[in-house]
Amino acid sequence: MKRYMKNPVGAHYGLRPWLLQRLTAVVMGIYTLVLLACLVMHPIRSQADLRTLFGGGLFRVATLLFFTALLYHAWVGLRDILMDYIKPVWIRLGLQFAVAMALLGYFVWTAAILWGGR
């Protein structure tokens, strides 16, 4: 076995996650600019205005896409930090699992807020 293949845990991370993290940053930037433009053109003065803004299906989908990009962006960053600084494999995998479950919970929570309605 070659020397560099001793510990396969965490191997093969590289260009694809890096590119996807940059793409998610672009998605988040575009959404932020669109949201700011909407708020400048139609200032929020009440909860009814806020409900109207987020009431449209397209804006809800765009918001969910923003949060999906944000959570993936966070996953790649935190995974890389954990891989760089937590050397014991069982601790690192446990922390990665905890982070993944938290991010999944945030995704479900976001969807419940956007489509829960009252």
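Tally up the residues in region 68-115 that are of a type in the set (Val, Ile, Thr), part of a helix (DSSP H, G or I), out of contact with any Pro (no Cβ under 8 Å at 6 or more places or on another chain) and surrounded by 15 or more Cβ atoms within 10 Å (Cβ to Cβ), please. Steps first, answer last, please.
First pass over region 68-115, keeping only residues of a type in the set (Val, Ile, Thr): 68, 76, 81, 86, 89, 91, 99, 108, 110, 113.
Checking the rest, the ones that are also part of a helix (DSSP H, G or I) come to 68, 76, 81, 89, 91, 99, 108, 110, 113.
Subsequent filtering for residues that are out of contact with any Pro (no Cβ under 8 Å at 6 or more places or on another chain) retains 68, 81, 89, 91, 99, 108, 110, 113.
Within this subset, residues satisfying the condition of being surrounded by 15 or more Cβ atoms within 10 Å (Cβ to Cβ) are 68, 99, 110.
The number of residues fulfilling the criteria is 3.
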### Query
Within the set of pairs 6+ apart or on separate chains, which have a first residue in region 33-60 that is touching a residue at least 24 places away in the same chain (Cβ under 8 Å), a second that is of a type in the set (Gly, Ala, Ser) and part of a helix (DSSP H, G or I), and C-beta atoms under 9 Å apart?
Val34/Ala62
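Of all residues in region 65-95, which are free of Cβ contacts under 8 Å to residues at least 24 places away in the same chain and within 15 Å of the chain's Cα centre (by Cα)?
Step one: of region 65-95, the residues free of Cβ contacts under 8 Å to residues at least 24 places away in the same chain are 78, 81-82, 84-88, 90-91, 94-95.
Scanning region 65-95 gives a single hit, Leu78.
Which of the residues belonging to region 62-89 are of a type in the set (Val, Ile, Thr) and touching a helix residue (DSSP H, G or I) at 6+ places or on another chain (Cβ under 9 Å)? Quick ask: steps written out before the conclusion?
From region 62-89, those of a type in the set (Val, Ile, Thr) are 63, 68, 76, 81, 86, 89; that's our starting set.
Hits for region 62-89 are Thr63, Thr68, Val76, Ile86.
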### Query
How about region 46-72: which of its residues are over 21 Å from Val108 (Cβ atoms) and hydrophobic (A, V, I, L, M, F, W, C)?
Ala48, Leu50, Leu53, Leu58
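Condition check ((1) of a type in the set (Gly, Ala, Ser); (2) within 22 Å of Leu20 (Cβ to Cβ)) across all residues:
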{"residue": "Leu33", "(1), (2)": "no, yes"}
{"residue": "Met41", "(1), (2)": "no, no"}
{"residue": "Arg45", "(1), (2)": "no, no"}
{"residue": "Ala62", "(1), (2)": "yes, yes"}
{"residue": "Val89", "(1), (2)": "no, no"}
{"residue": "Trp109", "(1), (2)": "no, no"}
{"residue": "Leu114", "(1), (2)": "no, no"}
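With respect to His42, determine if the residue is surrounded by 12 or more Cβ atoms within 10 Å (Cβ to Cβ) and either of a type in the set (D, E, K, R) or closer than 26 Å to Gly116 by Cα (or both). Show your work before the answer.
Working: surrounded by 12 or more Cβ atoms within 10 Å (Cβ to Cβ): no; either of a type in the set (D, E, K, R) or closer than 26 Å to Gly116 by Cα (or both): yes.
Answer is no for this residue.
Every number here is computed from the coordinates shown, using simple stated rules; none is lab data. Every value quoted in this text rests on a predicted model; they were computed, and no experiment measured them. Reconstructed Cβ throughout: ideal geometry from the backbone, glycine too, with neighbour counts over all protein chains shown.
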